[in-house]
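Trainee: Quick one: this structure, given as structure tokens, is what I'll be asking you about.
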Amino acid sequence: MASPIPLPAPSRTTSDSISGSVIVATPDEGDAFPSNSTGNRGKRVRFSNWFSESFGAASAFERISPSTSPIQSPSAVSDSNNSSNVAPLSSRQQGLASSATLSSSTASQPLEAHRNVDAVGNGRDFEEREVVDDLATSTPLQATLNSANVMLGMGIITLPYGLHISGWVLGISMLTLFALTAQFTAKLLAKCMQVPFPEISDDDPETAPLLENPHRHRRTAQNESASRLPTSLTDIVELAFGPDSRPLINFIFMFELFAAATGLIILGADSIVALYPDLPMLPVKAGVTVILVLSTLPRGMGWLAYTSFLGVVTVASLFLILVYNGLTTYVAPGSLWDWSKTDMWPRETSALGEVKSMWLAAGLFIIGLDAHAIFPGIYRDLKKKEKWGRVVEGAFFLNWSLYVGFASVGYLMFGEDILPQVTQNFPLVPTFPKALTHFILVLTALNPFTKYALIMAPVNLQMEQILGIPTSLSLPASRTLTTFRGALLRIVLGVLAILTTILFPTFHVLIGLVGSFFSFMIVGVIPSMCYLRLGSGVGWRQERIVETCSIRDWERVVCVVIILASLSLGALGTVASIFSE
């Protein structure tokens, strides 16, 4: 086994720190993100940042193919650097360039290139790093709030029900243990990101596929080593298991996004029916799906930025209204003064019933801690990388406190009468102010209409590439709608979503299924397996063990336990969700 060697901390490179996409600056004077037909990539990069930060979903721009990529390929970058169209150096850039050039001997030593990250080859290279320095840095406090935000979602409304079916002891224990585990694996991802990819060669059949994705592995003369570091969870998996693993991890992410989008249909329909109980459920789901599919037809989705804050507003309003209703109601149910009957352990007496409840609750709890697809981007955006441990500790403590508080308040207020979505209990309590009840139900019903198009964007894009349909990224800037075949694809996916809601008609069951089948894998299995391989120096064509990613014996034991426990919990939760009544 190779002996550990010290590796300097990676420096900021020409990449989008949130989504992992490489930012290629243009020669346009004074505008790093031009708005002309060839410069719309800047807008897409900014949308990618906002999309990932706001909704915690893997960005579509991490998975686009070379043919439709808005980012130049390595060869194109090399050619453009030699082009006569590059903007001339400013006097400040010339001064920096003259004092920070990269020697050929240093360029031949990739692991030493980290120490020469300030070297400047020409004005264009300087502009790229200047853009990244301005836009891709955050303080530990900002990174903590971003990490907490991407974990927060509408799945929180199922937590009181999860506590009801698991009981106080098992419910609080699972929430705490899952938070500690997710925090641990989030730290492992940062360690894995210190391991560089192997040298890329056009003549090597094993490394040549790495050139097909220009979002990573961009070879620059001034900082070749930094460009070889992973930038996303997909990169980390590929680094550990090789390029053949990328399609599998992409499929997992896409299927998870599709299931989450289907859950939005159920959430919207349930909220509308709660407002108007006489409406039939299936036609309401169909109507919601039609409107949601229509929201995916516009080529651009910038208009959704104006409503992107609605999710945070909904969660904050829900918690405040829940507490207010509990304090202003003095008789159960719905009171924080007169607690409803609760249980310390699962209510069912049969062994099968206990297993079903407990493991379904596990899926409901873990999904609110699943943001590991976004954490690599937040880590890269952190100015002080050594503070990452404090960042994830603070973020998980904030979310754990919110989840335990929300679940406890809801369970104490409604006890045995708690419904799968706590908002469904609001109209049933006559003492609750009707105006506040209608307000929160309307917010909950509107929430899916602001997120569906964003969540489905990566799925639509990937399917368009597979089917050979022109993607929205390749269409002319003047076109406002997708193609006819693209519209048919979105309709077909909408029909599949409707069929899925028939198989899994309730929101909490679908959320439990997504949490059990996907979140345990993304939170527990994947980071632990990657760290076991990279920390032991047996990653795909790994050159050596990096000192900052050298696994200890106790970490090896913990990782194995996490893998086995996650696989077991995921399997039991999936079965419980499928057969849940």
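Values in this text are rule-based calculations from the coordinates and carry no lab data. If you're wondering where the values come from, they're calculated on a predicted model, not measured in any experiment. No Cβ is skipped: glycine too gets one built from the backbone with ideal geometry, and neighbour counts run over all protein chains shown.
Trainee: Pull out the extension gain between Leu248 and Trp168, defined as 0.36 nm times the separation in residues minus the alpha carbon to alpha carbon distance; nm, one decimal.
Mentor: Answer, rounded to one decimal: 25.1 nm.
Trainee: Would you pull out the residues with amide H under 5 Å of Leu229's amide H, same chain only if 5 or more places away, H placed 1.01 Å from N?
Mentor: When sequence neighbours closer than 5 places are left aside, the close amide H contacts are Phe197.
Trainee: Subtract the Cα-Cα distance of Leu320 and Ser340 from 0.36 nm times their separation in residues, and report this length gain in nm to one decimal.
Mentor: Between Leu320 and Ser340, full extension yields 5.2 nm more.
Trainee: Computed FRET efficiency, Cβ-Cβ of Glu199 and Ile466, R0 35 Å: what is it to the nearest 0.05?
Mentor: Values: r = 31 Å, r/R0 = 0.88.
Calculated value: 0.70.
Trainee: Which shape class applies to region 382-471: rounded if a/c is under 1.5, otherwise prolate when a/b exceeds b/c and oblate if not, where a ≥ b ≥ c are the square roots of the Cα gyration tensor eigenvalues? Working shown, then result.
Mentor: Numbers: a/c = 2.96, a/b = 1.30, b/c = 2.27.
It is oblate, given that a/c is not under 1.5 and a/b is not larger than b/c.
Trainee: Scan around Leu481 for amide H atoms under 5 Å from its own, H built in the peptide plane at 1.01 Å from N, and keep only partners 5 or more places away or cross-chain.
Mentor: Arg299
Trainee: Separation between the Thr139 and Asp553 pseudo-spin-labels, each 7 Å from Cα along Cα→Cβ, expressed in nm?
Mentor: 4.3
Trainee: Give me the percent of Cα-Cα pairs in region 229-278 that sit more than 17 Å apart, rounded to a whole number.
Mentor: 54
Trainee: Now a separate question. Evaluate E = 1/(1 + (r/R0)^6) for Val331 and Leu275, where r is the Cβ-Cβ distance and R0 equals 41 Å; express this FRET efficiency to the nearest 0.05.
Mentor: 0.95
Trainee: Karplus couplings for region 412-418 from phi (6.51 cos²θ - 1.76 cosθ + 1.60, θ = phi - 60°), rounded to Hz, Gly and Pro as x?
Mentor: 5, 6, 10, x, 5, 8, 5
Trainee: I've got another one for you. Between Glu386 and Leu564, what length comes free when the chain is fully extended (0.36 nm per residue of separation minus the Cα-Cα distance, one decimal in nm)?
Mentor: 61.1 nm
Trainee: Go ahead and run the numbers for FRET between His438 and Val312, Cβ-Cβ distance against an R0 of 22 Å, rounding to 0.05.
Mentor: Taking R0 as 22 Å, the efficiency between His438 and Val312 is 0.65.
Trainee: Return the distance in nm (one decimal) between the two label points of a simple spin-label model at Ala487 and Phe579, each offset 7 Å from Cα along Cα→Cβ.
Mentor: Each label point lies 7 Å from its Cα, and together they span 4.6 nm.
Trainee: Starting from the 7 Å offset along Cα-to-Cβ, what nm value, one decimal, do you get for the label separation of Glu416 and Leu503?
Mentor: 3.5
Trainee: Quick one: which residues, 5+ away or cross-chain, put their amide H under 5 Å from the amide H of Val546? H built at 1.01 Å from N.
Mentor: So Val546 has HN proximity to no qualifying residue.
Trainee: Where a Cα-Cα gap under 29 Å defines reach, which lysines qualify for Lys285, not counting those fewer than 8 residues away within the same chain?
Mentor: Output for Lys285: Lys356, Lys434, Lys451.
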